[in-house]
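Take a look at the structure below.
The values are calculated or read from the model by the stated rules, or taken from the named source; none is laboratory data. Please read all numbers here as calculations on a predicted model, not as lab measurements. Here the Cβ positions follow ideal geometry from the backbone for every residue, glycine too, while neighbour counts run over all protein chains shown. These accessible areas exclude ligands, DNA and RNA; they are computed on the full protein's heavy atoms, side chains included. Shrake-Rupley method; radii C 1.70, N 1.55, O 1.52, S 1.80 Å.
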Amino acid sequence: MRAVRGGTGTRGRAEVPTSGEAADRWSRTLRRRGAVVLAAFSVLWVLVAASGVAGAPAWGLRGAGLVVALVLVALAHRPRRARDGVTERLRSQPAGWRRLVGRTNVFQAVVIVLVVLLGALTDVPQVVAPLVAVVVGVHFLPLARAFDQPEYRWTGAGMAVAGAVGIGLLVALVPHDVVRVVVGALAALSLWATAGRLALRP
């Protein structure tokens, strides 16, 4: 197996296995963790979508979102069979990738708090879901580099589109309930698509 490049620094080399079965396990671990995290956050966006409807449809939407997330988690952790013929993809993670992940997530959290405050203090809470979708989408771009997982760029693009569509609907004076349904559904679909890809293939 070819080496997995973990960066030029000593710390980078220590954190990322560079050859053999350890490198294979590392790549598989990153994929599985990614699929689980995306599946978990998809549930939150399904809840956003469900907040735009009432009664049985809302509960049905919540239940369906939970089922999809659980299926994705199960797929990510299914035993790999020899006949699958799937070899883990080589990864080229930058030195200090953990710091990049930490800074990205902290920045995302701070901006989301500011967006929520904006919605609360200006009495326009309807902007929160679309703007948060855009923020989450942008945060996936550096994560794609940190984890050497190009699919996260798809996720970022999908989330950004969800937010942009939501903002466009607000400008068009579409009812706020409908905006939440659309933004939540598009965001969840984006997360599901990437989680499914990570769960099934390296």
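How much accessible area per residue does region 93-178 have, counting only protein heavy atoms and a probe of 1.4 Å, in square angstrom? Display every interim value, and only then the final one.
Details: 4420 Å² over 86 residues.
I get 51 Å² per residue for region 93-178.
If I build a Gaussian network model for the chain, linking alpha-carbon pairs within less than 10 angstrom, which residue out of VAL136, VAL43, VAL165 has the largest mean-square fluctuation?
In the Gaussian network model the winner is VAL165.
Keeping all protein chains in place and using 1.4 angstrom, which order do HIS77, HIS139 fall into by accessible surface area, from largest down? Don't skip to the answer; put the middle values down first.
Values: HIS77 100, HIS139 20 Å².
Descending accessible area places them as HIS77, HIS139.
Dipole of the chain (Lys/Arg Cβ +1, Asp/Glu Cβ -1, origin at the Cα centre): which of GLY55, GLY102, VAL128 lies farthest to the positive side?
Result: GLY102.
Hey, what number do you get for the chain at 222 nm if only DSSP H runs of n ≥ 4 count, each worth -39500 (n - 2.57), divided across all residues, to the nearest 500?
Details: 7 runs with 148 residues, N = 202.
Computed ellipticity for the chain at 222 nm equals -25500 deg cm²/dmol.
Estimate the FRET efficiency between ALA22 and ARG153 by the formula 1/(1 + (r/R0)^6), using the beta-carbon distance for r and 35 Å for R0, to the nearest 0.05. Please report the intermediate quantities before stating the final value.
Numbers: r = 27 Å, r/R0 = 0.77.
Between ALA22 and ARG153 the formula returns 0.85.
Once you have the Cα-Cα distance between ARG78 and VAL43, take 0.36 nm times their residue separation minus that, and quote the gain in nm to one decimal.
10.5 nm is the gain from fully extending ARG78 to VAL43.
Given +1 on the Cβ of Lys and Arg, -1 on the Cβ of Asp and Glu, and no further charges, what dipole in debye does the chain carry about its Cα centre, rounded to the nearest 20?
Numbers: 24 positive and 9 negative charges, 220 e Å.
That gives the chain a dipole magnitude of about 1060 debye.
Quick check: net charge around ARG197, other residues with Cβ under 13 Å of its Cβ, Lys/Arg +1 and Asp/Glu -1?
Net local charge, ARG197 excluded: +4.
Any idea how far apart ALA120 and TRP59 come out in nm if each label point goes 7 Å out from Cα toward Cβ?
Taking the simple label geometry, ALA120 and TRP59 are separated by 3.1 nm.
Report, in debye and to the nearest 20, how large the dipole of region 88-202 comes out about its Cα centre when Lys and Arg carry +1 and Asp and Glu carry -1 on their Cβ.
540 debye
For Rg/Rh (Cα atoms, Kirkwood Rh), which listed value, (i) 1.03; (ii) 1.06; (iii) 0.99, comes from the coordinates shown?
(i)
On the protein heavy atoms, probe 1.4 angstrom, tell me the percent of accessible surface of region 52-187 carried by carbon and sulfur.
Whole-percent figure for carbon plus sulfur exposure: 73.
Would you be so kind as to identify which of LEU66, ALA144, ALA188 lies farthest towards the positive end of the dipole of region 56-202, taking Lys and Arg as +1 and Asp and Glu as -1 on Cβ and the Cα centre as origin?
ALA144
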